[in-house]
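Since the structure comes first, as structure tokens, the remarks are kept for the end.
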Amino acid sequence: MQFIPHSYQRYAIERIITDPALGLFLDMGLGKTAITLTAINDLRYNRWAVSRCLVVAPKKVAEATWSSEAAKWDHLDHLKIVPVLGSAQKRIRGLHTPGDIWVINRENFPWLVDYYRNAWPFDMVVIDESTSFKNSQSKRFKAIKLVLDRISRIVILTGTPAPNGLEDLWAQIYMLDQGARLGKTLTSYREAFFTQDWAHPGQQYRTYSPQDGADIRIRAAIADICVSMKAEDYLELPDYIENIIPVALDAKAKKAYDKLEREMLLEVDDQTITAGSAAVLNGKLLQLCSGAVYDAEGQTVHVHDCKIEAFLEVVEQLHEEHALVFYWFQHELERLLSALEASGLRVRVYRGPEDEQAWNSGQVDILLAHPASCGYGLNLQVGGHHAIWFGYPNWALEIYQQANKRLHRQGQRYPVIAHHLVVQGGMDEDVIEALHDKGDAQEALMQALKARIKKYSD
């Protein structure tokens, strides 16, 4: 296929060629893989500026996306993409295979740095979905710090550079300039742009809020090495519509929900709540909203079917239009499959590429998918334009946004409607509010939990 770049793509390609360090914050659907490959090809074969290029990517993307994208376009089909995946033996074999671009999953990047030690061979590195390096304490970030001086060109790619707030930016920008713009350490970055929040009684960690105008100052500081593009500015995408469907619990279900919520919340003293305990409690309360919960032995305890009933009503109202349905817990999947058995609809669970193909070819009416498995590199826009959120990914904002973009992307012909099943008075409401809030979703959820604890403690 002939590649005819849009004007914004030509600009991005030129920036990768001319800038030795570049943050390319391209919204999903703008073709960042094709852009990057085109630039690498020019640097490798026209300008002789690059000899060995490494791509670090999420596992599913590393397995297929980069090689399939190179094979898709006529001007790139000569590029040899070598996977560095699987067992250590297979990875080593890949590293010693002749090629142009070597692709490794981000989990194995620390292994790669340790393998080469002082003999690092890659003069160009591309970090696909750079937010996976946003944690400055992670092994992968510490690993790349060791080899930054040996990398002559680096490109970081993501559509969501700050999924949880501006703090996420520091580590990513450090990979580009080693601290020249936002500070040599996370501490200095916080001191320059943030204010420490007052600690809650018994709180085990510190939180920070951006100073007034911090976002403007940060954008100004990194403007010369970052390019940001939103899909709506460059593509004629259909509308994205959210349909909030309140789910009322019947009297029996409400009584059961309130009882379990109260007992679980009162087990945790609001004076000692931590991020870890908050995660567990949020998970339990989200399970309750869906109608079942795991007991101490990991067995599913059924509580109510109110959300299942609301889900079936939504499916009925779609009049056989196809729907992508998101669940979070395994028992949600099991109960959804059971509820759909008698529907006569073609139901499928997303497991891999064959399910993606079946959906896009119109062979699936209901595709059940876990949001974490439906993130990067997955195109589902041809198969339908309805999404139904049955379960929610707690405070995982990036996962939530990425999942929504599976339908709302280039090639979608119809307005995308995301139906959110939200239990009234339940944890669902707090999660949705937190996911929609531009601040720290995790902190918002912790505060919501404390409010719920206080309700039962008073």
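The values are calculated or read from the model by the stated rules, or taken from the named source; none is laboratory data. Bear in mind that the values here come from a model prediction, so they are computed numbers and not experimental data. Here the Cβ positions follow ideal geometry from the backbone for every residue, glycine too, while neighbour counts run over all protein chains shown.
If I ask for residues that are aliphatic (A, V, I, L, M), in a loop (DSSP other than H, G, I, E, B) and under 11 Å from residue 435 (Cβ atoms), which ones from the range 383-420 would you list?
Filtering the range 383-420 down to residues aliphatic (A, V, I, L, M) leaves 387-388, 396-397, 399, 403, 407, 416-418.
Those left that are additionally in a loop (DSSP other than H, G, I, E, B): 396, 407.
If the condition is that a residue be aliphatic (A, V, I, L, M), in a loop (DSSP other than H, G, I, E, B) and under 11 Å from residue 435 (Cβ atoms), then 396 is the only one that fits.
Counting only residues that are over 15 Å from the mean Cα position of the chain (by Cα) and under 24 Å from residue 31 (Cβ atoms), which one in the range 148-157 is surrounded by the most Cβ atoms within 10 Å (Cβ to Cβ)?
In the first step, residues of the range 148-157 are kept if they are over 15 Å from the mean Cα position of the chain (by Cα); the result is 148-156.
After this cut, where a residue has to be under 24 Å from residue 31 (Cβ atoms) as well, the list is 153-156.
On the way: 153: 21, 154: 23, 155: 28, 156: 25.
Going through the qualifying residues, I end up with 155.
Of the residues 370, 385, which is crowded, with 20+ Cβ neighbours inside 10 Å and closer than 21 Å to residue 337 by Cβ?
Working: 385 fails: closer than 21 Å to residue 337 by Cβ.
None of the other options fit; the residue is 370.
From the list 139, 145, exactly one residue is under 22 Å from the mean Cα position of the chain (by Cα), of a type in the set (D, E, K, R) and farther than 27 Å from residue 77 by Cα. Which is it? Show your work before the answer.
Details: 145 fails: under 22 Å from the mean Cα position of the chain (by Cα).
Residue meeting the stated conditions: 139.
Give the residues of the range 222-239 that are more than 16 Å from residue 405 (Cβ to Cβ), aliphatic (A, V, I, L, M) and touching a residue at least 60 places away in the same chain (Cβ under 8 Å), sorted by residue number.
222, 225, 227
Please go through the range 158-168 and give me each residue that is closer than 13 Å to residue 133 by Cβ and either surrounded by 24 or more Cβ atoms within 10 Å (Cβ to Cβ) or not assigned by TED's automatic domain parsing to the domain that holds residue 30 (or both), ordered by number.
Selection gives 158 alone.
Determine the pairs where a residue that is within 20 Å of residue 61 (Cβ to Cβ), located within the range 132-144, has a partner that is surrounded by fewer than 20 Cβ atoms within 10 Å (Cβ to Cβ) and aromatic (Phe, Trp, Tyr) with Cβ atoms under 7 Å apart, the partner being 6 or more residues away or on another chain.
Within 7 Å, the pairs are 133/141; 135/141.
Can you tell me which condition residue 358 does not meet? The list is (1) of a type in the set (A, V, I, L, M, F, W, C); (2) more than 18 Å from residue 427 (Cβ to Cβ); (3) crowded, with 20+ Cβ neighbours inside 10 Å, and all the others hold.
(3)
Can you pull out the residues in the range 169-189 that are in a helix (DSSP H, G or I) and either more than 18 Å from residue 133 (Cα to Cα) or of a type in the set (Gly, Ala, Ser) (or both)? Before you say what the answer is, go through the steps one by one.
Just the residues of the range 169-189 that are in a helix (DSSP H, G or I), to begin with: 169-177, 186-189.
Passing the criteria: 171, 188.
More than 22 Å from residue 219 (Cα to Cα), modelled with pLDDT of 95 or more, in a helix (DSSP H, G or I) and not assigned by TED's automatic domain parsing to the domain that holds residue 400 - does that describe any residue in the range 46-55?
So the first thing to find is which residues in the range 46-55 are more than 22 Å from residue 219 (Cα to Cα), and the list is 46-55.
Those left that are additionally modelled with pLDDT of 95 or more: 46-55.
Right, trim to in a helix (DSSP H, G or I) and you get 46.
This time we only want the ones that are not assigned by TED's automatic domain parsing to the domain that holds residue 400, so: 46.
Yes, that holds for at least one residue.
For the range 75-126, give me each residue that is among the hydroxyl-bearing types (Ser, Thr, Tyr) and in contact with a strand residue (DSSP E or B) (Cβ under 6 Å, 6 or more places away or on another chain).
Filtering the range 75-126 for residues among the hydroxyl-bearing types (Ser, Thr, Tyr) gives 87, 97, 115-116.
The answer is 97, and nothing else.
Pairs only if they're at least six apart or on different chains, beta carbon under 6 angstrom, first in the range 290-317 and within 17 Å of residue 263 (Cα to Cα), second among the basic types (Lys, Arg) and at pLDDT 90 or above; list them, first residue then second.
Between residues of the range 290-317 that are within 17 Å of residue 263 (Cα to Cα) and residues that are among the basic types (Lys, Arg) and at pLDDT 90 or above, the close pairs are 291/307.
Okay, residues lined up against (1) touching a His at 6+ places or on another chain (Cβ under 7 Å); (2) on the phi > 0 side of the Ramachandran plot; (3) of a type in the set (A, V, I, L, M, F, W, C):
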residue: 165; (1), (2), (3): no, yes, no
residue: 172; (1), (2), (3): no, no, no
residue: 227; (1), (2), (3): no, no, yes
residue: 247; (1), (2), (3): no, no, yes
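Could you tell me which residue of the range 116-141 is nearest to residue 65 (Cα to Cα), considering only residues that are in a loop (DSSP other than H, G, I, E, B) and of a type outside the set (A, V, I, L, M, F, W, C)?
Here is the first cut: in the range 116-141, the ones in a loop (DSSP other than H, G, I, E, B) are 120-123, 129, 134-138.
Next cut, of a type outside the set (A, V, I, L, M, F, W, C) only: 121, 123, 129, 134-138.
On the way: 121: 23, 123: 22, 129: 13, 134: 22, 135: 25, 136: 27, 137: 28, 138: 25 Å.
That would be 129.
Determine whether residue 59 is more than 22 Å from residue 175 (Cβ to Cβ), assigned by TED's automatic domain parsing to the domain that holds residue 133 and either more than 20 Å from the chain's Cα centre (by Cα) or not small (Gly, Ala, Ser) (or both).
Answer is no for this residue.
Looking for whichever is under 26 Å from residue 212 (Cα atoms) and touching a Pro at 6+ places or on another chain (Cβ under 7 Å) here; the options are 166, 182, 176. Which one fits?
Details: 182 fails: touching a Pro at 6+ places or on another chain (Cβ under 7 Å); 176 fails: touching a Pro at 6+ places or on another chain (Cβ under 7 Å).
After applying the criteria, what remains is 166.
Which count do you get for residues in the range 290-319 that are small (Gly, Ala, Ser) and surrounded by 15 or more Cβ atoms within 10 Å (Cβ to Cβ)? Before you say what the answer is, go through the steps one by one.
So the first thing to find is which residues in the range 290-319 are small (Gly, Ala, Ser), and the list is 290-292, 296, 298, 310.
Now drop any that are not surrounded by 15 or more Cβ atoms within 10 Å (Cβ to Cβ), which leaves 290-292, 310.
Residues flagged as small (Gly, Ala, Ser) and surrounded by 15 or more Cβ atoms within 10 Å (Cβ to Cβ) within the range 290-319 amount to 4.
Being part of a helix (DSSP H, G or I) and crowded, with 22+ Cβ neighbours inside 10 Å is the filter here; which residues of the range 13-32 pass it?
Step one: of the range 13-32, the residues part of a helix (DSSP H, G or I) are 13-18, 32.
Residues satisfying the conditions are 16, 32.
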